[in-house]
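Asker: Can you keep this structure in mind? I'll have questions shortly.
The values are calculated or read from the model by the stated rules, or taken from the named source; none is laboratory data. In this text, all values refer to a predicted model and were calculated from it rather than measured experimentally. Heads up, the Cβs are rebuilt from the backbone with ideal geometry, glycines too, and the neighbour counts pull from every protein chain shown. Protein only, heavy atoms only, side chains kept; ligands, DNA and RNA dropped before computing areas. Shrake-Rupley method; radii C 1.70, N 1.55, O 1.52, S 1.80 Å.
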Amino acid sequence: MALRDRPSQFVAWLQAGPMMLVFLVFFLVPLAFVIIVSFWDYNEYEMIPSFTTRGYVETFEGCLAQLPELCTILKTYLKTLKLCFLVWLITLVIGFTVAYFLAFHIRSKTWQIALSLICTIPFWTSNVIRMIAWIPLLGRNGLVNSGLVKAGMIDKPLEWLLYSEFAVVLALVHLFTFFMVVPIFNSMIRIDKRLIEAAYDAGATGFQTLTNVIIPLAKPGIVIGSIFVITIVMGDFVTIGVMGGQQIAAAGKIIETRLNALQFPAAAANAVILLGITFMIIAMLSRLVDVRKEL
Amino acid sequence: MTEDTTKPGLSRRTLLKGAAAGAGLAAGSGAITGFPYVMSQEAKVLRYLGTAVNAGDEISKKCLADTGIKIEYITVTTDDVTKRVVTQPNSFDVLDTEYFSLKKLVPSGNILPLDAKKIKEFNNITPVFTKGQLPSGKKIGDQGTAPWKVLYLEGKDSKTFAKSPTEFVTLIPTVYNADTLGIRPDLIKRPISSWAELLNPEFKGKASILNIPSIGIMDAAMVVEATGQYKYADKGNMTKAEIDLTMKILTEAKKSGQFRAFWKDFNESVNLMASGETVIQSMWSPAVTKVRSMGIPCVFQPLKEGYRSWASGFCVSKGVSGKKLEWAYEFVNWFLSGWAGAYLNRQGYYSAVLSTAKANMDPYEWAYWMEGKPAEKDIKAPDGSLLEKAGAIRDGGSYDDRMGSVACWNAVMDENDYMVRKWNEFIAA
């Protein structure tokens, strides 16, 4: 028994080996380094390999002393979570609608492919160019403002169109809706059409079919899309920086500021905190649905 | 700017870069010991790490033609220059950086000072660097990391700045300037004469500062002093209480919506100003020139409280020796010999050796850029495009007027760590 098992086990390990190696070298080892460095000390120009919790303690500085006012890190995370929630909600609604349309209203495969390709348009230009393009559109003297003024709908330009939370959410939704569309579409297209017919025959209304048949069956796609969007937005500092005029706090931005000041251990500590929080959100989401079973 | 990835990616990339640089170095040194013959035939190449300020194609082309040295630019942002020196000292040969970063770079031991005796024009370098005074003898403001405080080391491998001149020079001076606020006179429509205007509620939602904490806080300190709220002993080296006070004033301004956006990159500052998103902001001289060359009125406004100044220069990586070191000296000597200085002067910067730059400029150019006189002829940029019509006068006037009014220098504070944390708090407020 044992003798016969060994070769097949060996082959299985061999097959999984390359992936494990990549995972180990490019994910686990760097992650371990980040965690180790987060407990190091530092000065103006170098990291000092001695154990200290300085990076963490200073990050949570004032969290008790300033009560009831929120400390920097809590304010930053509240802001980040708020932006994350808004982006998640909007991308989910838009992404679900687009996927639904593609999966159930477009009959031909060719058109389905063509239309999903159109969803990738935001990725055709570089991040930087997209950012710069928002200024002539949303700026004080931009197209939207001058259009609204000319149409007589407003007296003076709307300031909140650019360098505001609105602008950040708009840009993030524009960028990441696609990450919702693809997995939800993928789940929906696998739904057996006969189930929908059966629901119809059993007298379900359109809305009942949606909530009782389609949404439960599209849940894996929704969860995977949510994981994509949430992890990206939680770590973003470029889009939030540019669209928020560098005036909106973000978890990623704290890390960037620390890195630029050569305070690597403090940056690492913040990275570990961010990772922990993102991980908790993902863990909560994956309790809703067993992604591996559903795939 | 394009880095979207979170932290594991960053450390991974740094790790790989380090590994690649290490491998490259190993291969390189192998070639040197194994094949000295091949080495002597090799082209003279120097890897030049710096910001975009001095990294002009024209300079490297002219340098190649004059000396046969090929310059390979590694152009990154101010913060990244420092980061790279500290983490990857073998990835460059010549370093072009600002004096204020020396407080981080010298203790790291990753850079080597150059020998003043091997620099031909060293004695002709403007006393702005060596003595903290104008050629006329007038003293210059010394708050912050003024170059003369960190110009010399006590010895070749010393990590201590020398009080009096030695032959070991941390950075051979190349270029410097006096920074102030840029304004849109067409949109402000009244004279501006004080740093206090930056936080004037009249410009609510139309002001901006630099998003580099150590420089942004100094601009804020200029405002605080201008409004008479506080007088700093040294704006470039604040106490914790002073940092708190400055940040409080900045935070109040931010909360009331004074700032449209903060900028970090040259082009961002140009866009903000040219599009009319801001009408008053901290700015760099060539950015003002760029806005103006787009046909939009923009003034680099001299203010009564003075300028915030910066200066940069050359040193080499600790890994540079032998032939490479000779080339580095040859390159630095070429840089100070006049052509490059004239090139920098024509962009509104100042060159370290004034005499050689003057010899490479037409008298009317010198009169406009350095003496503050009305332009006799049209003033052209180094690329030949029209900058100013005949009759124009440079903002802020002559060299003596501008450099003589310097109030403080870009700095790294002793309380830098605290300041960075406060800056994050300010952003989150």
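Asker: Just checking, how many residues over segment B:231-263 are farther than 19 Å from B:LEU210 by Cβ, touching a helix residue (DSSP H, G or I) at 6+ places or on another chain (Cβ under 8 Å), more than 14 Å from chain A (Cβ to nearest Cβ) and of a type in the set (Ser, Thr, Tyr)?
Answerer: 0
Asker: Just checking, how many residues over segment B:126-139 are part of a loop (DSSP other than H, G, I, E, B), under 16 Å from B:TRP310 (Cα atoms) and open to solvent by 10 Å² or more (accessible area, probe 1.4 Å)? Show your work before the answer.
Answerer: Our first condition is that a residue be part of a loop (DSSP other than H, G, I, E, B); within segment B:126-139, this holds for B:126, B:131-132, B:134-138.
Checking which are under 16 Å from B:TRP310 (Cα atoms) leaves us with B:126, B:131-132, B:134.
Restricting the remaining residues to those that are open to solvent by 10 Å² or more (accessible area, probe 1.4 Å) gives B:131.
Adding up the residues that qualify gives 1.
Asker: Can you list the helices (runs of 4 or more DSSP H) found entirely within segment B:293-393 that contain at least 2 residues being of a type in the set (Phe, Trp, Tyr)?
Answerer: So the answer is B:322-335, B:339-345, B:363-369.
Asker: So which of B:ASP401, B:ASP378 is closer than 30 Å to B:GLU121 by Cα, of a type in the set (Asp, Glu) and more than 14 Å from chain A (Cβ to nearest Cβ)? Talk me through it step by step, then tell me what you get.
Answerer: Numbers: B:ASP378 fails: closer than 30 Å to B:GLU121 by Cα.
Going through B:ASP401, B:ASP378 in turn, the sole match is B:ASP401.
Asker: Something else: Consider segment B:98-114. How many of its residues are more than 10 Å from B:VAL85 (Cα to Cα) and within 7 Å of chain A (Cβ to nearest Cβ)?
Answerer: Total meeting the criteria: 2.
Asker: Under 7 Å by Cβ, and 6 or more places apart or on different chains, what pairs join a residue from segment B:69-85 that is more than 15 Å from B:PHE100 (Cβ to Cβ) and within 14 Å of another protein chain (Cβ to nearest Cβ) with one that is surrounded by fewer than 20 Cβ atoms within 10 Å (Cβ to Cβ) and among the aliphatic types (A, V, I, L, M)?
Answerer: Filtered contacts from segment B:69-85: B:ARG84/B:VAL76.
Asker: Then there's this: Quick one: count up the residues across segment B:142-168 that are open to solvent by 20 Å² or more (accessible area, probe 1.4 Å) and assigned to a loop (DSSP other than H, G, I, E, B).
Answerer: If we filter segment B:142-168 for residues that are open to solvent by 20 Å² or more (accessible area, probe 1.4 Å), which is where we start, we get B:142-143, B:148-149, B:154, B:156-161, B:163-168.
Going one step further and asking which of them are assigned to a loop (DSSP other than H, G, I, E, B), we end up with B:142, B:154, B:156-160, B:163-167.
Summing the residues that are open to solvent by 20 Å² or more (accessible area, probe 1.4 Å) and assigned to a loop (DSSP other than H, G, I, E, B) in segment B:142-168 gives 12.
Asker: Sticking with this one: Identify, from the list A:GLY252, A:GLY221, A:GLY225, A:GLY235, the residue that is open to solvent by less than 10 Å² (accessible area, probe 1.4 Å), within 14 Å of chain B (Cβ to nearest Cβ), at pLDDT 90 or above and within 26 Å of A:CYS119 (Cα to Cα).
Answerer: Working: A:GLY252 fails: within 26 Å of A:CYS119 (Cα to Cα); A:GLY221 fails: within 14 Å of chain B (Cβ to nearest Cβ); A:GLY225 fails: within 14 Å of chain B (Cβ to nearest Cβ).
Going through A:GLY252, A:GLY221, A:GLY225, A:GLY235 in turn, just one is open to solvent by less than 10 Å² (accessible area, probe 1.4 Å), within 14 Å of chain B (Cβ to nearest Cβ), at pLDDT 90 or above and within 26 Å of A:CYS119 (Cα to Cα): A:GLY235.
Asker: Here's a follow-up. Residues of segment B:264-309 being open to solvent by 10 Å² or more (accessible area, probe 1.4 Å), more than 14 Å from chain A (Cβ to nearest Cβ) and in contact with a Pro (Cβ under 9 Å, 6 or more places away or on another chain), which ones?
Answerer: B:PRO297, B:VAL299, B:GLN301
Asker: While we're here: Could you please find all residues in segment A:256-271 being facing another protein chain (nearest Cβ under 9 Å), among the aliphatic types (A, V, I, L, M) and more than 17 Å from the chain's Cα centre (by Cα)? Quick ask: steps written out before the conclusion?
Answerer: Step one: filter segment A:256-271 for residues facing another protein chain (nearest Cβ under 9 Å), giving A:256-264, A:266-268, A:270-271.
When the remaining residues are screened for being among the aliphatic types (A, V, I, L, M), the result is A:259, A:261-262, A:266-268, A:271.
Across segment A:256-271, the qualifying residues are A:LEU259, A:ALA261, A:LEU262, A:ALA266, A:ALA267, A:ALA268.
Asker: Okay, next question. Pairs needed: first member in segment B:406-429, more than 21 Å from A:PHE264 (Cα to Cα) and in the same structural domain as B:ASP219 (by TED's automatic domain parsing); second member anywhere, among the aliphatic types (A, V, I, L, M) and in a loop (DSSP other than H, G, I, E, B); C-beta distance under 7 Å; at least 6 residues apart or different chains.
Answerer: So the pair list comes out as B:VAL406/B:ILE140; B:TRP409/B:ALA146.
Asker: Tell me the residue from A:LYS150, A:LYS156, A:LYS79 that is within 12 Å of another protein chain (Cβ to nearest Cβ), of a type in the set (Lys, Arg) and more than 27 Å from the chain's Cα centre (by Cα), please.
Answerer: Every option except A:LYS156 fails the conditions.
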